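Okay, so here's the structure we're looking at.
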Amino acid sequence: MRSPIVVVNFKTYPEVCGARGLEIARKIDEAMRETKGSAVIAPQQTDLALIAREAKVPVFAQHLDNAVQGSTTGYVTPEGVKAAGCVGTLLNHSEHRIRGDELELIVERCRKAGLKTIVCSNTVAVCKACTHFAPDFIAIEPPELIGGDLSVTSADPKIVESAVEAVKGIDPKVKVLCGAGVKTGTDVKKAIELGADGVLLASGIVKAKDPKAVMIEMLRAL
Ligand code: G3P
């Protein structure tokens, strides 16, 4: 996984459920091949094994549980998604928060399982706290901009710069992504100019008329 990078979270959008998720993953494969740009996708949990097997783009889970392996039911564990062919996971997304003490344990368990981690956070203070867990990436996403048309890079460039400064000041090895409202190559370029190592987005690709064209534009902007 090279950075700068574009990370696409499929969330639970119906546009990318099941076979349609695989279809869009293949379009992202093509965009990566044509641009040589780096990307990761986080498909719906139910599609992880299928997409990890059939697509070339590295696959992340959207969330994991710190449930013990064995007599627990209905949880998704780091070891389970690793066995399904995933290379990493998002954690603590604004739409699926994890308690701080639990988050630290899951990051550590993922490290042991050989999974990369992207820890999402809504404020610079949370970014700082999570950097101490030494995840691979921290993603700063102001919740009020998620799913909207205004990119965090224009609406709140300061929060991106401050997150980069705060995280790198604690541990320069931890990479920083920014997300919320990212829709165009220009937004991606701005993220890089603000010091980010890439972007985390969803609707800009999932709901695009031509996801491959938008992905190419974003990868070229890295
Ligand atoms: O995980 C990415 C996300 O929360 C941002 O969503 O739709 O604003 O790109 P979106």
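Brief remarks follow.
- ARG111 in contact with a Pro (Cβ under 9 Å, 6 or more places away or on another chain) and free of Cβ contacts under 8 Å to residues at least 24 places away in the same chain: yes
- For the range 2-35, a residue qualifies if it is in contact (Cβ under 8 Å) with a residue 60 or more places away in the chain and at positive phi, and exactly one does: LYS11.
- Of all residue pairs spaced 6 or more apart or on separate chains, those with beta-carbon atoms under 7 Å, a first member in the range 181-210 that is polar (S, T, N, Q) and a second member that is within 7 Å of the ligand (Cβ to nearest atom) and at pLDDT 95 or above are SER203/GLY147.
- Residue within the range 33-43 that is out of contact with any strand residue (DSSP E or B) (no Cβ under 6 Å at 6 or more places or on another chain) and within 22 Å of ARG111 (Cα to Cα) present: yes
- Annotation: of all residues in the range 45-69 being part of a loop (DSSP other than H, G, I, E, B) and under 20 Å from SER3 (Cα atoms), the one that is most open to solvent (accessible area, probe 1.4 Å) is LYS56.
- Residue list for the range 8-38, filter: basic (Lys, Arg), in a helix (DSSP H, G or I) and surrounded by 14 or more Cβ atoms within 10 Å (Cβ to Cβ): ARG20, ARG26, LYS27
The values are calculated or read from the model by the stated rules, or taken from the named source; none is laboratory data. All of these numbers come straight from a predicted model, not from anything done at the bench. For neighbour counting, all protein chains shown are included, and Cβ atoms are generated from backbone atoms with ideal geometry for every residue, glycine included. With ligands, DNA and RNA removed, areas are computed over all heavy atoms of the protein, side chains included. Shrake-Rupley method; radii C 1.70, N 1.55, O 1.52, S 1.80 Å.
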